[in-house]
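Note sheet for the following structure.
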Amino acid sequence: MKLCISRQIIFALVILLVSPIVLCAQSDRFVHLEQKLDMLAGTEIPALNSSVDASFSEVSIQDFIRALGKTSNLNISIDPEIKVQLVNNFSDAKAKDVVLFLCKKYQLDLDFTGNIVSIQKYIPPPKAPAQAKVLGIDFDKNTHTISLDLSNDTLAKVVKKMVLETGENIIPAAGLGNEKVSIFIRDVNLEEALKQLTYANDLNLEKSEDNIFYLKRKTPGLPQQTTQANQGGGGRSSRNRAGSGNFSIQIDETNPSIPLISLDAQNASISDIIQSLSERLGYGYFVLDEPQKNVTSMLKGVPYEGVLSHLLGGTGLTYKKTGNTFLIGKLTSGGLGETKIIPLLYRTVDKLSEVIPNDLKTGLQIVEFKEQNSLVVNGAATEIARLEKFITEIDLVVPLVTIDVIIMDYNKNRANELGLTAGIADAPVTTNGQVFPDLNVQLGGESINEIIGILNGYGLFNLGSVSERFYMNIQALESDDVVSIQSVPRLATLNGHEATLRIGQTRYYEAQTRDVIAAQSTTTVVTQEFREARADLAIDIVPIVSGDGEVTLDIKVEISDFLETPTNAPPPTATRQFTSMVRVQDGETIVLGGLLDKRKSESGRGVPILSRIPILKWFFSNRSRNKREGQLVVFIKPTVSY
């Protein structure tokens, strides 16, 4: 007799089995609420024991709770989002029983804060997530034996765990990953376990010379690739026309240790390309996560790992080489992370990570290893290869720029002073002064009378004598002052880095601070301190070497000098500065500055009218002339070396 059971009957049975469990959980919740209400009614909230008499129809639950709290003197609130219309009749019922009744009927929950009762929607606790099935694979590392307890498990997951447990390479054929396998076997070596697994699930097992196990179908169910041998040019080629898109592969084996691959793909499956290429080269591969994308690309003369990096770029997948076998999958699949040290040959690692684009740093951990001038990178092999290529492109010789600077500061002063001054002093004046090399003499009254007596002896004049307090100053001075300062500093810096020179002097001056403290008597506190004033020769140059060998210089020059040293005051300074940006050839000298300063001044004083008559003005006036010339020139010569 054939037994038939309808879906409705099965559903009813499930409901009957599950309902007691659900009702039991709900019952436990309401028991807990009832116990809580009873406890609070006897301690903190006695209003829960008050009697309720009410009859109503089509009343919102919020209005009813508001009336209940008012009539029972009960602090109670309800969530306004609860949408329930009540039709009830309560007679001599306790407030706690009414509240518990509403919770049971409308799936509500209670929260207690002191003597306040809050009614809110009941939110069931989240269900515990279903635990993933644990594969029955147990490998004993001491005896190198394995036990399998599999029941309708996915072959890809089984193979992945066997590889991770044993360290051996097991590769299923394309399309076998989703096959279900079952077996129970205990304490056998890996090869025997694989033989029994393939036998029990209608598969074939092959072992290569590299001790790699291949799982294949007995009856292939997927379209196979057609391969054409091409003996010309020292290489092989294969072409795939099955599935979406097509691709062709040519292998140049002129150098057998590093075969070079040329790929021409048009919307071809990445998985098909990797499978075909690996089989042609005899490389083992194990796909932990299948590439789901197609690619259109053309490559020429690229090694196998370069092709893998290109194909897997942007797919979120990576690869890791173990012997002659390549593991392909996501970095999170385990065992695919790689750590590599990338040394730098020409530039420093300091702050190099700031230059790397964020796109190249995604998914990578980069640490600067200054002791070896290297970067330590951890992450996917494909992403590390992209980063290494970028670093190789920027790791070039950084030019060293030597800058010769010649600063010439030329100053010339010429002063003339000529004149005659006479007057009467308070006391007799003696004759004194200097006659050579400059004339600056003061004649007293006695000396002047002697000169008058000599002149009277010739009979040309008959002058009287002067008072002993009479004096006369005669000045005839001329001075030349030439100052030439030449500074020849040499600076050296790397391309794009600033070279700085500071040479100067420091002077100190006294400063006083007076603080008046007002109390019963006023006290003045004087504080003395010495403050600093500087005059520097400062040069800042940033060289940038362009591709044609020319050098762009960003130049800032500032020259300060002390003019004099006053007492208890900041010494005055004269500052000359300029900023320039120029472009010169390597080894070419440029001239900057050339600031020419000419000053000419003339002053005089004397007797009105007489001081302006030619010849007589020299006897009735005092005149001085001052002429000053100054020039600042800066010569700069950059020299580039590699």
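Counting only residues that are open to solvent by less than 70 Å² (accessible area, probe 1.4 Å) and more than 60 Å from the chain's Cα centre (by Cα), segment 46-72 holds 14 of them. Within segment 425-444, none of the residues are among the small types (Gly, Ala, Ser), modelled with pLDDT of 75 or more, within 30 Å of residue 316 (Cβ to Cβ) and open to solvent by less than 60 Å² (accessible area, probe 1.4 Å). If the condition is being over 16 Å from the mean Cα position of the chain (by Cα) and under 16 Å from residue 312 (Cα atoms), then segment 360-387 contributes 379, 380, 381, 382, 383, 384, 385, 386, 387. The single condition among (1) at pLDDT below 80; (2) assigned to a strand (DSSP E or B) that residue 535 does not satisfy is (1).
Cβ-Cβ contacts under 6 Å between residues 6 or more apart (or on different chains), taken from a first residue in segment 557-573 that is surrounded by 10 or more Cβ atoms within 10 Å (Cβ to Cβ) to a second residue that is modelled with pLDDT under 70, are listed as 571/565. Do you know which of the residues in segment 458-489 that are closer than 25 Å to residue 539 by Cβ and surrounded by 13 or more Cβ atoms within 10 Å (Cβ to Cβ) is modelled with the highest pLDDT? Restricting to residues being closer than 25 Å to residue 539 by Cβ and surrounded by 13 or more Cβ atoms within 10 Å (Cβ to Cβ), the top hit is 489. Please work out if residue 391 is within 17 Å of residue 338 (Cβ to Cβ), in contact with a strand residue (DSSP E or B) (Cβ under 7 Å, 6 or more places away or on another chain) and of a type outside the set (Phe, Trp, Tyr). When the stated conditions are applied, residue 391 passes them. The set of residues in segment 271-289 being in contact (Cβ under 8 Å) with a residue 40 or more places away in the chain, under 16 Å from residue 327 (Cα atoms) and more than 35 Å from the chain's Cα centre (by Cα) consists of 271, 272, 274, 275, 276, 278, 282, 283, 284, 285, 286, 287.
Taking the conditions exactly as written (more than 23 Å from the chain's Cα centre (by Cα), open to solvent by 60 Å² or more (accessible area, probe 1.4 Å) and modelled with pLDDT under 85), does residue 351 satisfy them or not? Judged against the criteria, residue 351 is not a match.
Of all residues in segment 183-206, those that are within 12 Å of residue 218 (Cα to Cα) have Cβ atoms under 6 Å from Cβ atoms of residues that are open to solvent by 70 Å² or more (accessible area, probe 1.4 Å) and assigned to a helix (DSSP H, G or I), 6 or more apart or on another chain, in 205/195.
So that you can scan it fast, the table gives a plain yes or no per residue for (1) of a type in the set (A, V, I, L, M, F, W, C); (2) modelled with pLDDT of 85 or more; (3) assigned to a loop (DSSP other than H, G, I, E, B); (4) surrounded by fewer than 18 Cβ atoms within 10 Å (Cβ to Cβ):
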site	(1), (2), (3), (4)
228	no, no, yes, yes
299	yes, yes, no, yes
308	yes, yes, no, no
318	no, no, no, no
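The values are calculated or read from the model by the stated rules, or taken from the named source; none is laboratory data. Small disclaimer: the values here were computed from a predicted structure and weren't measured. Methodologically, a virtual Cβ is constructed for each residue, glycine included, from the backbone with ideal geometry; neighbour enumeration extends over all protein chains shown. Quick note on the areas: whole protein, heavy atoms, side chains included, nothing else; ligands and nucleic acids left out. Shrake-Rupley method; radii C 1.70, N 1.55, O 1.52, S 1.80 Å.
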